[in-house]
Amino acid sequence: MKRGALLAVLPLVFGSAALFTRSSDSSPAPVAASVGIGTAQVESKGTPSPSDGDLWPSCWAGNDKLYAANGDGKGFSLDGDFADIAVSEITGTPGSLSGATISEGNQVGSIWSGAGYNRKPTGMVCVGDTMYLAVQDLALDFNDVPAATILKSTDHGRTWTWDKSKPMFADHVFTTIWFADFGRGGALAPDGYVYAYGLDGNWRDSFDDTVADPQSVFLARVPRGSVQDRGAWKFYTGAGWSSKIADRRPVLTDTRRLYAQTYGTNASNLSVISQGGVTYLPAQKRYVYTSWTEYTFEFYESPTPWGPWKHFLSKDFGGYPWSTSKYGGYGVTIPSKFVQPDGKTMYVQANVCPCGGGGIGTSVYNFNLRKLVLTPSAGAPASNLPGPENLATTGAVAISKSTQSGSLALMNDGARTGSESDFDDEVKGASWWGYEWPSKYKVNNVEFTSGAVSAEGGYFTGRPRVQVRQNGQWVEVGSQTVSPAYPGDASAGANTTYTITFPVQETDGVRVIGLPGGTRSYSTVSELAVRYVSQLADGGFEGTGGGKPAWLFEGTAANGVDRGLGFAHSGANNGWIRCTCTGWSALYQTVPVVPGATYTFGSWVNASANLPADQGRFGVRAGTQDLASKTFGAGTGYVHHEVTMKIPPDVHELTVYAGFNAPNKDTWIQVDDFTVS
Ligand SMILES: [Ca+2]
Ligand SMILES: [Ca+2]
Ligand SMILES: [Ca+2]
């Protein structure tokens, strides 16, 4: 059996998540984030087929049938014999597949490296109705791959031929091979080459480090009529192609390590580049590379076979134990035959070995497909108007670090009951709940409702923060205010709602993120609403977080925020403007409003003795047109000012301001507690 599943490697286990954040590699720059894929959804479980085995590299032949090779199983003839390697012919569609095993065992490859090694299928490609199958030698403990070769069949997989005198690839170099999948018979290929991807060392993380963990993907190509002619192969050098394999350079390097620490005794600190597949999606003009760590699926996309490859999804199924409704797996591929006509819906094949630690029996030791939907980014600017609508219900895809049940459906079902957690065996430094959209929205308000709380977790240590996705990257939002105040420990409570407000962001993703608390470092959620509403951000100057400030300034005076100086109207902080100068200076903020609605805007202002009567002004304007304002002069403490007005037609944004015309004497105002209602 191929123990793709994780062997026990004992990690150090500590009780406090606070000790760990991310693993830090002194490594090259991280893989760039994709901006082309707007949302990606992959099911938490697959659908079994009447078959037996794992790995299942596949190709779609000119005769419209799918061919796939399995390790350690009977293939699609369940009444047949067990074989260490077998090839099946498959018909039907996902959910109703059938097939037969057509070749197996010594008919399908050699073992080159002697005792202690086994043969495994790693890649298959159809060139019309000619089929090629890459088969590797894999150590019985799954920790090194010294050799590989490529078999050929011209009778739809019944018989295979290859040079039995020596493998095409040896010395652990380019020994885990798969091919770009260009659809039926390879009809979508851009040129006359077969493109082959290869890993060095091992097919995934080498748990005992017999060889270096693969962290790079290499690329070769060969004229489609010469696949078994090793001398015809050329390797991508970063700038072109070389017949010398030593000249090869990675088309993708990803040095991330996932599950750096786990509470249990399962494998940890996993490298992310593994035996997978590359499938061309013609409707999106994109290549997708499907990799995995078993706990996660790692997906990348590129406009060409050679890059630039960008990361777009780490789908985290959690550490062991899994359940029959949620599991990850290995040998992740996307058979081109099942890419749907919409160009966005496809199916991912992956397996879980009963010999491993997943703990869910044999149900995933078959050709097993789960749905994947990749929606391209629309790229257009946000156009939504302020209102009560929960944007979590407008084409949003819920996201989280992981999910214990496998489903995030409760996040936007409108009910603040129940609980989902990211309890997942990782000693983790970040836990999040959020949404992604294929299009951009304006947002400024997130309502987070927790789930269950216990000593093991269910809350954030410290303060949960809002991040938004910008160009594929998660960035912190500035001037955030949480109401009610978040306790930062278990007293945050179960099924309790916290509203986080912040300056308007135009984004295609929002998440609440924080350091998970408890002895097992996880958080919980029961509902997460995201809105664009008529509100002021940080009206009390108490907000936290770097980034874009809520309040902007116009004029020539000095200005800023008094923090903890005792000058506030409420809380610890207030805004201020001060100068010995002339002219207009003001703090201002743009507020989303609904045309025709009536609003009252308020502010507390304290003005110094030198401010002449009526030279201070609080009000609202649309563009440069003042719609309502109140004047003020010197005072002896905070005074409340407010204006009430009906918003004119077609006005969706107002500017609220407080400032003064300076008399060329030392003059200041303190402002606090701006409100809109
Ligand atoms: Ca390793
Ligand atoms: Ca809910
Ligand atoms: Ca304040």
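Since every read-out is calculated from the coordinates, none of them should be taken as a lab result. Quick caveat: nothing in here was measured; it's all calculated off a predicted structure. Note: ideal-geometry Cβ built from the backbone for every residue, glycine included; neighbour counts use all protein chains shown.
Taking amide H as placed 1.01 Å from N in the peptide plane, the amide H of GLU653 sits under 5 Å from that of VAL593, each at least 5 places away or on another chain. Summarising the amide proton neighbourhood of LYS401: residues at separation of 5 or more, or on other chains, whose placed amide H is nearer than 5 Å comprise TRP432. Here the Karplus relation 6.51 cos²θ - 1.76 cosθ + 1.60, evaluated at θ = phi - 60°, turns the backbone of the stretch 662-669 into coupling constants of 7, x, 6, 10, 4, 9, 9, 10 Hz, with x for every Gly and Pro. Summing Lys and Arg as +1 and Asp and Glu as -1 over all other residues whose Cβ lies under 14 Å from the Cβ of CYS59 gives a net charge of +1. With all pairs of different C-alpha atoms in the average, the Kirkwood value for the hydrodynamic radius of the stretch 552-676 is 14.6 Å.
Listed by Cβ neighbour count within 10 Å, with the fewest neighbours leading, ILE577, ILE360 appear as ILE360, ILE577. The amide H of GLY71, built 1.01 Å from its N in the peptide plane, has ASP54, LEU55, TRP56 as neighbours under 5 Å, considering only residues 5 or more places off or on other chains. Sequence-ordered 3J(HN,Hα) estimates for the stretch 132-143 from the Karplus curve with 6.51, -1.76 and 1.60 and θ = phi - 60° stand at 10, 10, 8, 10, 10, 8, 10, 4, 4, 9, 6, 10 Hz, glycine and proline given as x.
Taking the Cα atoms of the stretch 240-364, the ratio Rg/Rh between the radius of gyration and the Kirkwood radius comes to 1.01. Ranked by how many other Cβ atoms sit within 10 Å of their own Cβ, fewest first, the residues VAL525, VAL127 fall in the order VAL127, VAL525. Taking Cβ atoms as reference points and 12 Å as the exclusive limit, the residues near GLY518 contribute a net charge of -1, counting Lys and Arg as +1 and Asp and Glu as -1. In the chain, a dipole from Cβ-located charges (positive for Lys and Arg, negative for Asp and Glu) runs towards its positive end, and of VAL42, THR403, PRO376 it is PRO376 whose Cα lies farthest in that direction. Among THR519, THR175, sorting on how many other beta-carbon atoms sit within 10 Å of each Cβ, with the fewest leading, yields THR519, THR175. Couplings 3J(HN,Hα) of the stretch 176-188, computed from phi: 10, 10, 9, 10, 5, 9, 9, x, 4, x, x, 4, 8 Hz, in residue order, whole Hz [Karplus 6.51 cos²θ - 1.76 cosθ + 1.60, θ = phi - 60°; x for Gly and Pro]. With the biggest extent put first, the Cα atoms of the chain measure 99, 52, 44 Å across the principal axes.
Cross-linked pairs LYS45/LYS401; LYS401/LYS428; LYS244/LYS310; LYS285/LYS337; LYS65/LYS315: Cα-Cα separations exceed 19 Å for LYS244/LYS310; LYS65/LYS315.
Cα extents for the stretch 391-531 along the principal axes, largest to smallest and rounded to whole angstrom: 38, 30, 27.
Summing charges over all other residues whose Cβ lies under 13 Å from the Cβ of GLN404, with Lys and Arg as +1 and Asp and Glu as -1, gives -4. What is the stretch 32-376 by shape, rounded, prolate or oblate, if you read a ≥ b ≥ c off the alpha carbon gyration tensor as root eigenvalues and call it rounded for a/c under 1.5, prolate for a/b larger than b/c, and oblate otherwise? Rounded is the answer for the stretch 32-376, as its axis ratio a/c remains below 1.5. Partner aspartates and glutamates whose Cα lies under 16 Å from the Cα of LYS74, excluding those fewer than 8 positions away in the same chain, are identified as ASP52, ASP54, ASP84, GLU89, GLU104. Contact order, relative form, for the chain: 12 percent (alpha carbon pairs under 8 Å, 6 or more residues apart, mean separation divided by residue count).
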